[in-house]
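The values are calculated or read from the model by the stated rules, or taken from the named source; none is laboratory data. Just so we're clear, the structure is a prediction, and the values are computed from it rather than from any experiment. Cβ sites come from the backbone with ideal geometry, for glycine too, and all protein chains shown count toward neighbours.
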Amino acid sequence: MDQHTETYIRHCDRLLEAVATIPSTPGHHLTAFFARKGILYDRRLFVVGRAVNGWEPQGWEPSLASTEEGRRSIMASSNRVASDQCPMRWVNDCMTFPNVHDYNSRRSAFWRVVRRIALALGVPDDASWSSHLAWSNLYKVAPSGGGNPSGTLLRVQESWIPSLLSAELEMFQPAVLLLLTGSDWLGSTLTGLGASMEARSGLVEGVGELTSSFVVVAKHPQGKPEDKFISEVVAALRSGRPRIVA
């Protein structure tokens, strides 16, 4: 394990410690998700969403994260991938064989637009496409039954977003950081990390540079006209990194 990964895991552990302070509510369990990359990841694209929409079906109560053993079990169960499998292959598999999975990624506007944007960046148009990506979310802990975190769960995690995103960038060092979150979910995170950003109006809300990455901030794609959404994102990529867009 390299130093950047160790730093990230340490941040995740401390985040879970903070989540452990949330009072448990009967029937309202949590799920955790941490950044991952495909086995073919080549630093081309790191995509970030708001929060995972369900991940561990059974979930866990916040008190589980109060002990080191509990936090280790949360991080282990959130992995959900055997050691010989690609951590990102499931996205394509759930599009190709939706009837044998609980989740159909073809129904997700997020994954539909990510796939088309990835192809515009030259990712192969075959079953391996999702294995070329790195993926994370701003909020690492969400309700296990689905939906975004809110209330105390949201507030407890907010202060951890900059350090976790910074650690993820150190791990992945992407050419493109694509944030499908909307600028309202980011607040001052990017400028606080030293990004030089240019605000835009439209479905793409900002472009800029952060360390060695070209950054595109777009609205969340749910409910948006997808052809227009993809066109605006690809145009933004071409304006900043024309040589990496197919």
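Out of the stretch 24-64, which residues are among the charged types (D, E, K, R), farther than 20 Å from Val156 by Cβ and touching a His at 6+ places or on another chain (Cβ under 8 Å)?
Across the stretch 24-64, the qualifying residues are Asp42, Arg44.
In the stretch 9-46, which residues are surrounded by fewer than 22 Cβ atoms within 10 Å (Cβ to Cβ) and among the hydroxyl-bearing types (Ser, Thr, Tyr)?
Matches in the stretch 9-46: Thr21, Ser24, Thr25, Tyr41.
Here's a check for you: in the stretch 49-77, which residue that is under 30 Å from Val215 (Cβ atoms) and outside any loop (DSSP other than H, G, I, E, B) is farthest from the chain's Cα centre (by Cα)?
Ile74
Which residues, taken from the stretch 36-64, are within 14 Å of Ala142 (Cα to Cα) and among the small types (Gly, Ala, Ser)?
The answer is Gly49, Ala51, Gly54, Gly59.
If you check Leu16, Leu40, which single one turns out to be touching a residue at least 40 places away in the same chain (Cβ under 8 Å), over 14 Å from the mean Cα position of the chain (by Cα) and in a loop (DSSP other than H, G, I, E, B)? Lay out the reasoning, then the answer.
On the way: Leu16 fails: in a loop (DSSP other than H, G, I, E, B).
None of the other options fit; the residue is Leu40.
Could you check the stretch 192-235 and list, in sequence order, the residues that are among the aliphatic types (A, V, I, L, M), out of contact with any Phe, Trp or Tyr (no Cβ under 9 Å at 6 or more places or on another chain) and assigned to a strand (DSSP E or B)?
Matches in the stretch 192-235: Met197, Ala199, Leu210, Val215, Val216, Val217.
How many residues are farther than 28 Å from Leu180 by Cα and among the aliphatic types (A, V, I, L, M) when one looks only at the stretch 31-81?
Final tally of qualifying residues: 2.
Note down all Cβ pairs under 9 Å where the first residue falls in the stretch 206-218 and is of a type in the set (D, E, K, R), the second is in a strand (DSSP E or B), and they're at least six residues apart or on different chains.
Pairs found: Glu209/Ser196; Glu209/Met197; Glu209/Val215.
Of all residues in the stretch 32-76, count the ones that are at pLDDT below 95, touching a strand residue (DSSP E or B) at 6+ places or on another chain (Cβ under 7 Å) and hydroxyl-bearing (Ser, Thr, Tyr).
Qualifying residue count for the region: 0.
Pick out the one residue from Thr191, Thr152 that is touching a strand residue (DSSP E or B) at 6+ places or on another chain (Cβ under 8 Å), among the β-branched types (Val, Ile, Thr) and over 23 Å from Gly122 (Cα atoms).
Thr191
What helices (runs of 4 or more DSSP H) completely inside the stretch 109-187 contain at least 3 residues that are touching a Leu at 6+ places or on another chain (Cβ under 8 Å) and over 25 Å from Asn79 (Cβ atoms)?
109-120
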